[in-house]
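Heads up: the structure comes next, in structure tokens.
Read-outs: derived from the displayed coordinates by stated rules, not from any lab. What you see is a predicted model; the values in this text were computed from it and never measured. Ideal geometry is used to build each Cβ from the backbone, glycine not excepted, and the neighbour counts take in all protein chains shown.
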Amino acid sequence: MVEDRGQRRLAAILAADVVGFSRLMERDEAGTLAVLKARRKAVLDPLIASHQGRIFKVMGDGMLVEFGSAVNAVQCAIEMQQAMAAASSDLPEDRRIMLRIGVNLGDVMVEDGDLYGDGVNIAARLEGIAEPGGIVVSGTVHDYVKNKVSAGFFDLGPQSLKNITEPVRCYRIAGGPVGAKAPLKVTGDKPSIAVLPFTNMGADPEQQYFGDGVVEDIITELSRFRSLFVIARNSSFAFRDERIGVAEIARRLGVRYVIEGSIRRAGNRVRITAQLIDAASGAHLWADRYDRELEDIFAVQDEVVRTVVATVAGRLETAGAEFAKRKPPESLIAYDYVLRGIEQLNLDGEEHNAEARRLFEKAVELDPRYAAGHAYLSLAIHVQWITNRAQEEFDRALATARQALALDENDSRCHRILGMIYGQLGQYDRAEHHSDRSIALNPNDAFAAIFRAGILRKLGRAEEGVESARQAMRLNPYHPNWYWNVFAYVLHAAGRYTEALDAYGRTTGRPSFYHAYVAACHAQLGQMEEARKHAALTLQERPDFSVSGQGKKLSFKNEADLNNFLDGMRKAGLPE
């Protein structure tokens, strides 16, 4: 059906373009067109159709696609990049067909099946700033899909786009399959990484010292993570003037991962970009950009270093778990079992925690002196204790955590897990001591920060706990969903009931007391209809629920804080 001129509608627009199309055509015109046509038929068209998309314009090296759903558009973009990378994996690097993709959600004008307007134009401009194999989405798209697709997003901030009057907030989707695959021999069992000297993009070559200082700090802070093998500065800086690719540098240094970046200083502003590359596959695991004022050069360095280091450590842990899963069971070492166990521990559900415990037990069986293996085994036992409340399980968790610390008192993980268990035991001074020690040993450990948030809540310092939880989420943008549980409890204890309700709403695999806590927050806000509804759901799921019974399961140093936490449940009408 032909649509009337001037019709408008809201649409998600995907703009895709072939990287280096002119170069590919110049080298092999017929071959390039044949491969591109085959990719359209076998890869792109079926994916677009499966996500209910409609191609409304095709250019020689690109296309514009309309979707009725932003979620469908983003999911299609992710699958397109994955499928295109897989289809080109056996081709020489200079013959691969790679895409840049931009996605926008906006108002469009319709004329004879074609679409016009800023909704389309912004999508095309977003595609232009995407990396090869990457995806950039607008802020409107991000807000719609951030909790609906399995992807990480990196805030690029407001971007000035060509012929677009107002800056557009942009987000890069993490994990785009960029670059070539290359065999790589990696030394050691831990994830290994080298930080290359950052490129000085400024006009003054003497400003290189600033970039070198940031890189040296990143190397120093990464070295705090005992789970990583970090190449020393003098080795990685030896490649400053080498005209060779990242994969070759990684091969020479014997590492799997590389951080590279650039720094530009102009007046009182500095822009720093950094990206983490898996040299074995060529994939960009993470990238971000930082625009800051230079009022305090050390504060700028510290902020950038902390964010880069903590995010990279989290990404390496995830990548390491994926790598361990691909190994045959007979070749796994204790470290592999710990990585796989951590991955299971971060998933919701008792079955995942049971599997994590099995993997950690295997790790300490293989290496009885592996402190981190004992620490994580203690954590898995403690999580199971929360469900079954068996005293012998709690005793074993405590004994295992103490054993981990005895094996390595300088491992921040051992301190943070033991501190959490002491907090549950009501030994608050010990809990605080070990939490402080964990932070001192590794200030960039997001898990230490989120565990500290929970301990601060127990100590009656919930407002401080809120900031610690926020710090954990900043340090670990890929945090598992249970961070929201901790954040919700701390906000609740701090009396920030509206924020707590938002955090509770973001949790998955919700615990049995979820509705009771939500009812309490609504009651404290005077929203009695919602409070009574959730109180009824609490008793429907747990007919034996009582406020006093729940209070016995909670740890607070001060009885007044406990009563204040329970008061909302009483107001909601839950039985004492």
Next item on the list: For segment 67-79, just list the computed ³J(HN,Hα) in residue order, Karplus coefficients 6.51, -1.76 and 1.60, θ = phi - 60°, integers in Hz, with x standing in for Gly and Pro.
Entry: 10, x, 10, 5, 4, 4, 5, 5, 4, 5, 4, 4, 5
Notebook entry, point to check: Can you give the charge dipole size of segment 327-442 about its Cα centre, rounded to the nearest 20 debye, using +1 on the beta carbon of Lys and Arg and -1 on the beta carbon of Asp and Glu?
Noted result: 120 debye
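Which of rounded, prolate or oblate describes segment 327-442 when judged by the alpha-carbon gyration tensor and an a/c cut-off of 1.5?
Here segment 327-442 falls in the oblate category.
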Next item on the list: Rank these for me by crowding, Val35, Val255, going from fewest to most other beta carbons within 10 Å.
Entry: Val35, Val255
Notebook entry, point to check: How would you classify segment 408-488 from its alpha-carbon gyration tensor, with a ≥ b ≥ c the square roots of the eigenvalues: rounded for a/c under 1.5, else prolate if a/b is greater than b/c, otherwise oblate?
Noted result: oblate
Notebook entry, point to check: So how far apart, in nm, are the two label points at Asp143 and Arg358 if each is 7 Å from Cα heading toward Cβ?
Noted result: 4.5 nm
Check: Out of residues 5 or more away from Val19 or on other chains, whose amide H comes under 5 Å of its own, with H placed 1.01 Å from N in the peptide plane?
Finding: Met98, Leu99, Arg100
Check: How large is ³J(HN,Hα) for each residue in segment 98-114, as worked out from phi by the Karplus curve 6.51 cos²θ - 1.76 cosθ + 1.60 (θ = phi - 60°), to whole Hz, x for Gly and Pro?
Finding: 10, 10, 10, 9, x, 10, 9, 10, x, 6, 10, 9, 10, 8, 6, x, 8
